[in-house]
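Quick note: the coordinates plus some simple rules give every number you see, no bench work behind them. From a predicted model like this one, the values you see are computed outputs, not experimental measurements. Please note: Cβ atoms are built from the backbone with ideal geometry, for glycine as well, and neighbour counts cover all protein chains shown.
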Amino acid sequence: MKELVIVDSGSANLYSIYKACEMVSLNPQISNNPVIIAAAKAVIFPGVGFFDHAAKAMKENKLTDALLKVVADKKPLLGICLGMQLLFSESEESIKTKNVVRGLNAISGKVKRFPAGLPVPHVGWNKAVPVGKHSLFEGLYEDAYFYFTHSYYVLPDQNRYTLALTEYGFPFTSAVADGNLIGVQFHPEKSGPAGLRLLSNFGKIIADQH
Amino acid sequence: MLAKRIIPCLDVRDGRVVKGTRFVNIRDAGDPVERAAFYNSEGADEIVFLDITASVEGRRAIIDVVRKTAEVVFIPLTVGGGIDSTLFMQELLQSGADKVSLNTAALKNPGLLKEGAEQFGSQCIVAAIDACRVDKTVQNDTLKWEVYSHGGRKATGRDLIEWVKEVEDMGAGEILLTSMDADGTLDGYDTEMLAAVTDAVDIPVIASGGAGTLEHLYDALTKGNAHAVLAASILHYGTFTITEIKDYLASKGLPVRPANK
């Protein structure tokens, strides 16, 4: 079994993240098998699309329990885009449809839609400015740009979860961490050299586990 | 703040790039993968492949191009040209494309934008629009533009401003707007058209057609309020490099992503 597993929840473009990991000498395996995911040394959890659909599909495919096990075992987990949002409790996206589907609730907080008046989705390159020191952002320029494409953002209940902020009308949380549980709103696999460096840093976090 | 994006557009036919000659640093200027990698190394913010292949069989080649590009280029890839089903969209997205752009097929069936947005998310769906000015005298001096289909060959009778609002309602996440009047002239983008469109919708608008100088790019992003500029000739013929473009825009105070940061 490979040490790093990329979770295939059926929604994301996994080819780019797989190739980006290979590019930085991580050697991942793509899997939708809850047993393999729960047993992995580290996990990347990508996702695009709708919170609701994804949360439901995760439950049906028994991925929820597998990912909660990864979280409980304090193994490195990197949620990307919707994958990061799904680490949270609930999203306005599902509240809107009066069909409140819960996320993993691994980090307490909400997923909110950008307010009216801002062009949505927030698409393009923006800065993610680290609010403190974290090995995920090691070696990156403080004004490094990353590629974003999303209509919702996360609002953690506590500031201490926020790893980086991005300005879009107001500063929103674009990276979170709680121990080994990490999430980024942007797409490192589409963020050029900065994104590859970030993935490589995640690889170091994995290597530092004993 | 969002950086203004510089997006090279490559016309691809049967899996080969058909425009541009002056490339000193690459072996095969006709290889879309090598060209995309070259622009990526120069600091392009995104790559657009426009597939102008006529035959249905030939179109399969674009999937291979996307797959090979996604193996070496880690910035967003958009593919347009002849996309007329969600199945084809899915194939392209699974091969490593991040967005698909729809033009004629969306005009024939606007519901296709909606289906694509519902299935893959709005962020994947780009509405590509070709438009032309309508004679001012006919319209009592108010500016109007008409939408064209089939690569600009067929007038549709649709008003541009109505159409951009419709594509936004249908779930398109971005608009790629080409001025047929300006395209190929090197005289500058139609900034009035851009301003009218960026005013009418909330979704990002990519300006296309007419870039000849660095000021033209600046004008599209400021007067026209575009979020991004698509550039073909000025890049393919080596008039400017992406680094020169970005340095210029940064010197004028616009936010750009520095190359290789």
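Return the loop-located trypsin sites (Lys or Arg not before Pro) in the stretch B:142-229 (DSSP other than H, G, I, E, B) with at most 12 other Cβ atoms within 10 Å of their own Cβ; answer none if there are none.
B:Arg153
If I take every Cα pair under 8 Å that is 6 or more residues apart in chain A, average their sequence separation and divide by the length, what percent do I get for the relative contact order?
Across chain A, relative contact order equals 20 percent.
What FRET efficiency, computed as 1/(1 + (r/R0)^6) with R0 = 41 Å and r the Cβ-Cβ distance, is obtained for B:Ala250 and B:Gln90, rounded to the nearest 0.05? Walk me through the numbers before you get to the answer.
Working: r = 38 Å, r/R0 = 0.93.
Efficiency at R0 = 41 Å is approximately 0.60.
Calculate, in whole percent, how much of the Cα-Cα pair population of the stretch B:122-261 lies beyond 23 Å.
Cα-Cα pairs of the stretch B:122-261 separated by over 23 Å account for 35 percent.
Within the stretch A:169-199, list the residues whose amide N lies under 18 Å from a label point set 7 Å along Cα→Cβ of A:Ser25.
A:193-199
Taking the Cα centroid of the stretch A:1-40 and of the stretch B:196-242, what is the distance between the two, rounded to the nearest whole Å?
38
Give me the distance between the Cα centres of the stretch A:77-94 and the stretch A:160-184, rounded to whole Å.
The two parts, judged by their Cα centres, are 12 Å apart.
Translational diffusion coefficient of the stretch B:61-144 at 20 °C, 1.002 mPa s, Stokes-Einstein with Kirkwood Rh over Cα pairs, in µm²/s as a whole number.
The calculation lands on 151 µm²/s.
May I ask for the net charge around A:Phe202, where only other residues with Cβ less than 13 Å from the Cβ of A:Phe202 are counted and Lys, Arg are +1 while Asp, Glu are -1?
Charge balance in the 13 Å sphere: 0.
Give the Cα extents of the stretch A:4-207 along the principal axes, in whole Å, largest first.
43, 42, 29
State the dimensionless ratio Rg/Rh of the stretch A:68-166 (Rg: radius of gyration of Cα atoms; Rh: Kirkwood radius).
For the stretch A:68-166, the value is 0.97.
Hey, which aspartates and glutamates would be in cross-link range of A:Lys56, C-alpha to C-alpha under 19 Å, not counting anything within fewer than 8 residues on its own chain?
Partners found: A:Asp8, A:Asp65, A:Glu90, A:Glu92, A:Glu93, B:Glu118.
Would you please give the residues with an amide H less than 5 Å from that of B:Asp11, counting only those at least 5 places away or on a separate chain, with H modeled from the backbone geometry?
Excluding prolines and chain starts, which carry no amide H, the hits are B:Val18, B:Lys19, B:Leu50.
Sort B:69-81, A:54-66 by packing, meaning the average of other beta carbons within 10 Å per residue, with the highest value first.
Packing order, densest peptide first, comes out as B:69-81, A:54-66.
Set the Förster radius R0 to 25 Å, insert the Cβ-Cβ distance between A:Leu165 and A:Ser135 as r into 1/(1 + (r/R0)^6), and round the FRET efficiency to 0.05.
Taking R0 as 25 Å, the efficiency between A:Leu165 and A:Ser135 is 0.90.
Which value, in Å³ per residue, describes the convex hull spanned by the Cα atoms of the protein assembly as shown?
141
Could I get the Rg over Rh figure for the stretch A:34-121? Both from C-alpha atoms, Rh via Kirkwood, rounded to two places.
My calculation of the ratio gives 1.00.
If you wrap a convex hull around the Cα atoms of the stretch B:6-108, how much volume per residue is inside, in Å³?
Measuring per residue, one finds 94 Å³ for the Cα hull of the stretch B:6-108.
Counting only DSSP beta bridges with both residues in the stretch A:4-207, tell me the antiparallel percent, nearest 5.
Counting only bridges with both partners in the stretch A:4-207, antiparallel ones make up about 60 percent.
Which one of A:His187, A:Ala20, A:Val154 has its Cα pushed farthest toward the positive end of the charge dipole of chain A, where Lys and Arg give +1 and Asp and Glu give -1 at the Cβ?
Of the candidates, A:Val154 comes out farthest on the positive side.
Please work out the FRET efficiency for the pair A:Asp208 and B:Gln119, using the Cβ-Cβ distance as r and a Förster radius of 56 Å; give the result to the nearest 0.05.
Given R0 = 56 Å and the Cβ-Cβ separation, E is 0.90.
Partner chain Cβ atoms within 10 Å, averaged over the residues of B:41-49 - can you pull that number for me?
2
Compute from the Cα atoms of the stretch B:5-251 the Rg and the Dmax, the latter being the longest Cα-Cα distance, and quote both in angstrom.
17.1, 54
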